1. So ASN432 fits all but one of (1) out of contact with any Cys (no Cβ under 7 Å at 6 or more places or on another chain); (2) part of a strand (DSSP E or B); (3) closer than 21 Å to ARG508 by Cβ; what number is the exception?
2. State whether the residues of segment 174-182 include one that is outside any strand (DSSP E or B) and modelled with pLDDT under 95.
3. Among the residues of segment 117-139, write down those that are open to solvent by 40 Å² or more (accessible area, probe 1.4 Å) and over 15 Å from LEU91 (Cα atoms).
4. If you check every pair at least six apart or on different chains, which have Cβ atoms under 6 Å apart with a residue in segment 400-421 that is more than 20 Å from GLN374 (Cβ to Cβ) first and a residue that is open to solvent by 10 Å² or more (accessible area, probe 1.4 Å) and of a type in the set (Phe, Trp, Tyr) second?
5. Pairs, please: C-beta under 8 Å, at least 6 apart or cross-chain, first residue closer than 21 Å to LYS459 by Cβ and in segment 59-86, second open to solvent by less than 30 Å² (accessible area, probe 1.4 Å) and at pLDDT below 70?
6. Would you mention how many residues in segment 353-373 are crowded, with 16+ Cβ neighbours inside 10 Å and charged (D, E, K, R)?
7. Does segment 496-520 hold any residues that are at pLDDT 65 or above, farther than 22 Å from GLN260 by Cβ and assigned to a strand (DSSP E or B), and which are they?
8. Looking only at residues in segment 84-102 that are open to solvent by 50 Å² or more (accessible area, probe 1.4 Å) and over 18 Å from GLY121 (Cβ atoms), which one is modelled with the lowest pLDDT?
Amino acid sequence: MLSHALRPSKSCRIVISTTMEEKPKEAKTAMTGFASINEDLFQNILKRIPALSFASAACVSKSWNRNCNQILYKPKLASAFSLNPVQKVALEEVVNKVLSKPIRPQFAIANVIGSGVDLSGILDFLAAKLGSKTPIIVSCAGGIMGRDAVTDEYKEVMIEDFWVDGASNSSYGIMLAVGFLPGLKVDAIPLLRPRKARGVAMVDKFVMDIMNFAASVSDSTSPSLIIMFGSEKTDQKPVMEKLDHAMSRETIVVGDERAQFLYRSGIESRNVYYGIVDQYFSDAVALVFARDQNRPSGTGEIHFHSALSSGVSAIGPRFKAVSANEIESETGLSTWLTVRREGGQEILGGQRIIDYINNELGNQTKLFIGVSEQRKCFVGSEKPRQMRSLAFHEVIGGDEEHLFVDGVGIKTGDYFHLYHPDPSAALSSCSNISKNFRNLKLDWSFRNCQLHAATSVGKKEVIGGFVFACWGRGESFFGHSNVDSSPFLDNFPGVPMAGIFTYGEIGRGSSILNTDIESGQEDKALCFCVHVYSTVYLVVSYTPAPIEH
């Protein structure tokens with residue numbers, strides 16, 4: 001082994017010590033090999049070797065181990081995807097790529113597309129490679145975006161690309177992101193629902209589990225970031241309303257509202273194994289990032305920055321729900337509305353409203369209503385607080401009396417606008433996001449110069465990012481490819497990024513921009529966390545600690 005070959009034996013050390021006592025001091029000879037290398041250059045060499053070889057190098061000596069730990073403690077996000085049709089081969093390709101350079105796996109997210117996906121097998125494989133204590137989430141997505149593990153070519157790939165003449169061609173794709181963010185603690189926390197008949201999701205417990213985790217590692221009950229994946233069978237709007245109520249404005253929440261997923265927490269008691277004896281289902285899982293109050297001295301600062309590119313525009317007047325009847329069927333929950341125009345008295349049939357919009361737009365394929373909600377919200381036994389928010393529901397049909405919309409939660413007296421997907425608005429929004437990122441970089445450059453001159457603070461840098469885009473966007477929506485990822489790629493070239501196309505985009509945070517939506521002033525003033533035809537961007541930056549002289 002390399003470690004034994006470079007480590008002198010005890011007898012050898014004794015002989016050297018005795019010899020030095022008997023002989024007079026001699027002039028030091030010039031250092032050769034690794035001993036003669038500058039420490040910065042030495043670390044530059046070490047950080048380029050694969051993770052497994054790096055682990056062996058850490059065992060060579062105390063000096064090598066110290067240098068290896070310094071490298072491992074630097075922030076890093078590694079990502080790659082593979083479109084190899086053989087799941088095992090694809091998994092090996094992405095794992096080998098993200099581990100091609102040293103990294104200390106603190107969390108992992110894998111997103112897969114294709115038919116016949118074995119989520120359990122993927123989760124077990126990643127746990128074996130990355131460590132059983134590493135929080136991991138594996139989910140199905142509508143598409144993936146990133147760099148190919150073999151060619152390093154950037155691509156956006158939609159699940160519809162795998163379908164030919166209405167049938168799947170048995171293709172497969174997987175995106176893997178592995179990260180280490182010093183100064184933060186990370187774990188996967190599930191939203192549980194009892195298996196018993198008509199069990200209700202334990203939303204309050206979910207929110208309090210997140211708050212308790214944050215409080216246990218930091219001085220705040222609000223974490224810095226939550227990356228969330230919801231079940232395709234569960235409405236996440238009530239969950240996000242509770243999270244929005246409980247978290248500080250600085251907490252960013254991003255993710256996929258509707259997905260098949262499995263997860264593994266670093267704490268065994270949080271894991272649900274979906275066996276017959278297990279008492280719970282998991283309706284969502286949150287990857288929670290909280291600041292570590294016991295982080296070592298000299299640790300820099302991780303910051304998260306979010307932005308929202310909206311792809312819908314309002315059309316027509318404002319309406320009021322005269323009645324709202326919730327209907328449960330085999331296809332799920334829906335609401336039948338009777339409506340009238342704001343300020344009017346006439347009840348308008350749902351089909352009449354749809355026909356009016358179709359005449360305006362030319363047979364628009366998708367319509368949504370954006371409902372202005374004012375609700376009392378609370379978690380646990382706390383005092384309720386009034387919250388105003390905007391909730392989107394897809395229009396699924398209408399008749400002479402009712403407008404049918406997906407989901408529940410609408411009340412009599414609620415007001416709403418109609419919205420439609422708008423590629424022009426989405427393209428303009430992406431351009432604005434790119435401009436905002438460009439201005440952010442310029443601001444950082446200016447601050448870097450000032451801080452470095454005054455305090456010896458290291459340069460702030462972007463280390464990675466995530467993108468969550470609606471599955472209805474992409475090339476078919478814009479007419480050309482890579483539009484959704486362009487704000488990140490244009491401003492942070494060469495920086496690792498992992499993106500997916502979702503079935504419902506989650507985006508919440510003080511830096512989320514919602515002014516891109518073309519709507520009335522009433523809706524612009526509302527907060528909302530679950531979006532439609534939008535893209536949510538998360539940028540991760542790092543500022544090194546001041547250099548100690």
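1. (2)
2. yes
3. SER132, LYS133
4. Listed by first residue and then by second, the contacts come to HIS402/TRP336; PHE404/TRP336; PRO421/TYR533.
5. Partner pairs satisfying both residue conditions: GLN70/GLN43; ILE71/GLN43; ILE71/LEU46; ILE71/PHE54.
6. Counting residues in segment 353-373 that are crowded, with 16+ Cβ neighbours inside 10 Å and charged (D, E, K, R) gives 1.
7. MET497, ARG508
8. LYS101
The values are calculated or read from the model by the stated rules, or taken from the named source; none is laboratory data. Predicted, not measured: the structure shown is a model, and the values here were computed from it. Ideal geometry is used to build each Cβ from the backbone, glycine not excepted, and the neighbour counts take in all protein chains shown. The accessibility values were calculated without ligands, DNA or RNA, using every heavy atom of the protein model including side chains. Shrake-Rupley method; radii C 1.70, N 1.55, O 1.52, S 1.80 Å.
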